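I have placed the structure first, in the form of structure tokens, so that the comments after it can refer back to it.
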Amino acid sequence: MIRHTDIDVQIQEFAAAIGDREPIAIEGNRTRWSLGGDLQPDVRTLTAPSGIAEYTPAEMTVQVGCGTLVSELHDELAKAGQRTALPERGGTVGGAVVVGQNHMCLLGRGRLRDSVLNVRYVSAEGQIVSCGGPTVKNVSGFDLPRLMVGSLGTLGNLADVILRTNPIPTHSRWLVSDDVDPFAIQKTIYRPSSILWDGTFTWVLLEGSEQAVNEEHDKLSAIAAFEPSTEMPVLPEHRWSVHPNDLRFPGQFGESFVASIGVGTVWGANAQPKRNIEPGVERVASRLKNNFDPTGRLNPGRVPGRI
């Protein structure tokens, strides 16, 4: 077990600073600051606790303050040959969790929502709340950590989280082809870490042991000519979330796009049209918001799911 910082003191100070009144928002590195709408002008901003509190490589879990940069966390985990499902976009751990967007290599790293085991947050009443459990096999209680993922900080002010880690593969190889059906790849090879397609080129990330990567490369070579790639596609500005089958009809995404095959995530030149939320879903979301934040002081102006 590796223990770096006593985060409990930071969290107590964090809760005291938040208090129980006035509009409040937690500021990370502002990499997705405008997502979900603009904050109201009178909102007070704070930063979350930072630092790695406890890291147990053998258990494949890490407890980390939400103000910690994802890059700093991954640098530390890499010393033990591990990583997380958090996307690496220059932001903080807490920012990544409340935004809820998965890593580009979701097929290899897993979904962010599934990797958050425990959350400590400060409620709208200024109370410290802990939910979830410190172990991978925790199944007790309400699954509030998953609820916090993608909430844009509208249900609680995240202080620290316990994340599931996974091993960094010993070998990693990006391949590219301009003569392959991207939708056939998952039927050809076992668990590619990523399949990206821009309408012409298809990139595939293979990870694992050297033997496994070579064998999967041979399987791909049997259906199309693949070459090693050192350059990744540039991701357009707008992120879409669609059903994986909708990727077969890419005209809606604009002139340039990059689609994550098998996932349903697309980065496109056009913004995704506003989706109609079913009335039942809106009622549930409204009730949740009212229960967690009856005075509306948490991130006022932000609405999860708003394009």
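Please treat every number below as a calculation from the coordinates, not as lab data. Just so we're clear, the structure is a prediction, and the values are computed from it rather than from any experiment. FYI the Cβ positions are ideal-geometry reconstructions off the backbone, even for glycines, and counts take in every protein chain you see.
Couple of notes before you dig in:
- Ile277, Ile26, Ile185 arranged by Cβ crowding within 10 Å, fewest neighbours leading: Ile277, Ile185, Ile26
- 3J(HN,Hα) from dihedral phi, the stretch 15-20, Karplus parametrisation 6.51/-1.76/1.60, rounded to Hz, x for glycine, proline: 5, 5, 5, 6, x, 10
- Nearby aspartates and glutamates by direct alpha-carbon distance to Lys219 (threshold 19 angstrom, same-chain neighbours under 8 apart not counted): Asp178, Asp179, Asp181, Glu207, Glu210, Glu227
- Mean-position separation - Cα centroids, the stretch 29-98 and the stretch 10-25, in angstrom: 19 Å
- Bridge orientation summary for the chain: considering DSSP beta bridges with both residues in this region, about 90 percent are antiparallel.
- The length gained by stretching the chain between Leu147 and Ala225 to full extension, at 0.36 nm per residue less their Cα-Cα distance, is 23.7 nm.
- Rounded, prolate or oblate (a/c below 1.5 giving rounded, otherwise prolate when a/b exceeds b/c) for the chain by Cα gyration tensor: oblate
- Relative exposure of Tyr190, Tyr55, Tyr121, judged by other C-beta atoms within 10 Å (fewest first): Tyr190, Tyr55, Tyr121
- Ranked Cys66, Cys105, criterion: other C-beta atoms within 10 Å, fewest first: Cys105, Cys66
- Shape of the stretch 47-106, Cα gyration tensor, a/c cut at 1.5: oblate
- All aspartates and glutamates inside 14 Å of Lys289 as judged from Cα atoms, apart from same-chain residues fewer than 8 positions distant: Glu125
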